[in-house]
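**Q** This is the structure I want to talk about, given as structure tokens.
The values are calculated or read from the model by the stated rules, or taken from the named source; none is laboratory data. All values derive from a computational prediction rather than experimental measurement. Every residue, glycine as well, gets a Cβ built from its backbone with ideal geometry; the counts of neighbours run over all protein chains shown. Side chains included, ligands, DNA and RNA excluded: accessible areas come from the protein's heavy atoms. Shrake-Rupley method; radii C 1.70, N 1.55, O 1.52, S 1.80 Å.
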Amino acid sequence: MNRLDDLGYPIIVAGDTRAAFRSEMSARFDRFVVLADRNVADLALRLTRLPARVDLLTVDLGERRKRLAIVEVILGALLGAGADRRTAIVGVGGGVAADVFGFAASIYMRGVPYAHVATSLVAMVDAAIGGKTGVNLEAGKNLAGSFADPVAVFCQVDALRTLPYRHLREGLAETVKHAVIEGGELFEALETLSPHPFPKWPWESVVVDSMRVKAMIVGDDRLESGSREVLNLGHTFGHAIERASDYRVSHGAGVSVGLRVAGVLAMLTGRFSKSEHLQVMTLLALLGLPARLRYPPGRVLEAMTYDKKSRHGRVRFVLPRAIGDVETGVHVSSSMVRRALQRCVTPVGDREFV
Ligand SMILES: NC(=O)c1ccc[n+]([C@@H]2O[C@H](COP(=O)([O-])OP(=O)(O)OC[C@H]3O[C@@H](n4cnc5c(N)ncnc54)[C@H](O)[C@@H]3O)[C@@H](O)[C@H]2O)c1
Ligand SMILES: [Zn+2]
């Protein structure tokens, strides 16, 4: 078991977090409402056999349902279960669950204690850490939400065994993002692990090493007023691709392609070397992650209009200068952005710069 307390709340990473969950949560709360993504309802039931009053509510989630409408349904269900301000809300599920349940808990009765049991790779290394919650609006991803720290996070690593293979693989895009930001051992570890089949991976340490990168950055900038923006590497494009695909492309797959577009844009603007870009592309390929843009650049550009990182209507890009050195707040002309997107429509390696 690994435990990180740097953010002021415990983040527990273990194959099975049930014992830690009981000792952390039962000591502090005697009333729980558990909100579970329906796909992990069995796990939620096993996790939350507690010597306390527990209500379990299961919810159909998915990226397309990550909207305000579902938050209202959840708030009504919390009221129906009699949750009050001393009730701990426990969310169980992946990144969508972390965002949606965390957001509901942050506004229910103006905010009640929330803990998340992460069951997907994206949730463990990213979404459940750092206190950002939210939902999508028609205009784009995560455009409504809150900053609300959980009281605890439990990364139930054994749950990755039931996570569909595609989601496990695509979730690795967030780990590659952390590796490009950090630039050290994590990048090498992923290169070394890449030929091995997933069941043989030491997932607990992969989760800990990746999550630590996020925790360290978030610890310095809770409200994303500056340095935390590096975590959006690949996301300006990734979110736009998700939206352009009407959310058929998963978050991880969008980020993977987004990492390529950001790398190409960084090369075109003279920031990033071709050899390091190819090193990142090789890692994505070794991990079986997508790098080819399958939507027209114009559609992706249009989907970028409402990016949260925009200021005064101008998108601010997060671009690599090197593996281990990422720049934020970069302004680039839209013709250059279009050029970068255009290059990524081709498979990696087809042209000089991709
Ligand atoms: N708030 C943040 O800081 C932050 C960071 C990164 C990502 N996100 C958000 O996270 C979301 C993506 O997360 P995700 O990839 O986990 O998507 P997800 O929550 O939709 O999970 C993917 C699929 O796997 C299922 N699932 C989850 N755990 C499972 C398990 N153990 N066994 C079987 N099935 C399981 C889910 O029901 C879903 O069908 C996006 O909406 C993204 O915006 C938020
Ligand atoms: Zn992400």
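Table: residues versus (1) closer than 18 Å to Leu163 by Cβ; (2) touching a residue at least 60 places away in the same chain (Cβ under 8 Å).
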site	(1), (2)
Tyr9	no, yes
Phe29	no, yes
Phe32	no, no
Asp37	yes, yes
Arg49	no, no
Leu75	no, no
Leu79	no, no
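**Q** What's the total number of residues in region 264-289 that are in contact with a Pro (Cβ under 6 Å, 6 or more places away or on another chain) and in a helix (DSSP H, G or I)?
**A** Just the residues of region 264-289 that are in contact with a Pro (Cβ under 6 Å, 6 or more places away or on another chain), to begin with: 266, 272.
Narrowing the set further to residues that are in a helix (DSSP H, G or I) leaves 266.
Number of matching residues: 1.
**Q** Have a look at Ser250, Ser227 and point out the one that is polar (S, T, N, Q), open to solvent by 10 Å² or more (accessible area, probe 1.4 Å) and within 16 Å of ligand 2 (Cβ to nearest atom).
**A** Step by step, each of Ser250, Ser227 is checked, and only Ser250 is polar (S, T, N, Q), open to solvent by 10 Å² or more (accessible area, probe 1.4 Å) and within 16 Å of ligand 2 (Cβ to nearest atom).
**Q** Cβ contacts < 6 Å: first residue over 12 Å from Gly234 (Cα atoms), restricted to region 169-198; second residue at pLDDT below 95, any location; separation 6+ or different chain. Result?
**A** Once the first residue is over 12 Å from Gly234 (Cα atoms) and sits in region 169-198, no partner that is at pLDDT below 95 comes close enough.
**Q** A follow-up question, please. Does Phe187 qualify as being closer than 23 Å to Val249 by Cα, more than 16 Å from ligand 2 (Cβ to nearest atom) and open to solvent by less than 60 Å² (accessible area, probe 1.4 Å)?
**A** no
**Q** Going residue by residue through region 300-322, is there one that turns out to be modelled with pLDDT of 95 or more and within 16 Å of ligand 1 (Cβ to nearest atom)?
**A** Within region 300-322, one or more residues are modelled with pLDDT of 95 or more and within 16 Å of ligand 1 (Cβ to nearest atom).
**Q** Give region 1-40 a look and list any residue that's buried (at least 22 other Cβ atoms within 10 Å of the Cβ) and small (Gly, Ala, Ser), or say none.
**A** Selection gives Ala36 alone.
**Q** Let me ask you something else. Take the residues in region 112-131 that are out of contact with any strand residue (DSSP E or B) (no Cβ under 6 Å at 6 or more places or on another chain) and open to solvent by 10 Å² or more (accessible area, probe 1.4 Å), then tell me which one is farthest from ligand 2 (Cβ to nearest atom).
**A** Among residues in region 112-131 that are out of contact with any strand residue (DSSP E or B) (no Cβ under 6 Å at 6 or more places or on another chain) and open to solvent by 10 Å² or more (accessible area, probe 1.4 Å), the one farthest from ligand 2 (Cβ to nearest atom) is Ser120.
**Q** In region 134-165, how many are basic (Lys, Arg) and either within 16 Å of ligand 2 (Cβ to nearest atom) or outside any helix (DSSP H, G or I) (or both)?
**A** Number of matching residues: 1.
**Q** Let me ask something additional. Given the conditions (1) assigned to a helix (DSSP H, G or I); (2) within 16 Å of ligand 1 (Cβ to nearest atom), and given that Leu35 satisfies all but one, which numbered condition is not satisfied?
**A** Failing condition for Leu35: (1).
**Q** State whether the residues of region 239-261 include one that is of a type in the set (Asp, Glu) and closer than 27 Å to Pro197 by Cα.
**A** Looking through region 239-261, none of the residues is of a type in the set (Asp, Glu) and closer than 27 Å to Pro197 by Cα.
**Q** One residue is enough: does region 212-224 have a residue meeting the conditions touching a residue at least 12 places away in the same chain (Cβ under 8 Å), outside any helix (DSSP H, G or I) and more than 11 Å from ligand 1 (Cβ to nearest atom)? Steps first, please.
**A** Residues of region 212-224 that are touching a residue at least 12 places away in the same chain (Cβ under 8 Å), as a first pass: 212-219, 222-224.
From what's left, outside any helix (DSSP H, G or I): 222-224.
Filter again for more than 11 Å from ligand 1 (Cβ to nearest atom), leaving 222-223.
Taking every residue of region 212-224 in turn, at least one turns out to be touching a residue at least 12 places away in the same chain (Cβ under 8 Å), outside any helix (DSSP H, G or I) and more than 11 Å from ligand 1 (Cβ to nearest atom).
**Q** Confirm whether Glu72 is within 16 Å of ligand 2 (Cβ to nearest atom), farther than 15 Å from Cys155 by Cα and either surrounded by fewer than 18 Cβ atoms within 10 Å (Cβ to Cβ) or of a type outside the set (Lys, Arg) (or both).
**A** no
**Q** Moving on to the next point. When you look at Val264, is it hydrophobic (A, V, I, L, M, F, W, C) and touching a Lys or Arg at 6+ places or on another chain (Cβ under 6 Å), yes or no?
**A** Spelling it out, Val264 is indeed hydrophobic (A, V, I, L, M, F, W, C) and touching a Lys or Arg at 6+ places or on another chain (Cβ under 6 Å).
**Q** Search region 119-177 for residues being near ligand 1 (Cβ under 8 Å from one of its atoms) and basic (Lys, Arg), and hand back the single one that is modelled with the lowest pLDDT.
**A** The qualifying residue modelled with the lowest pLDDT is Lys141.
**Q** Just a yes or no: is a residue in region 88-109 away from ligand 2 (no atom under 16 Å from the Cβ), part of a loop (DSSP other than H, G, I, E, B) and surrounded by fewer than 22 Cβ atoms within 10 Å (Cβ to Cβ)?
**A** no
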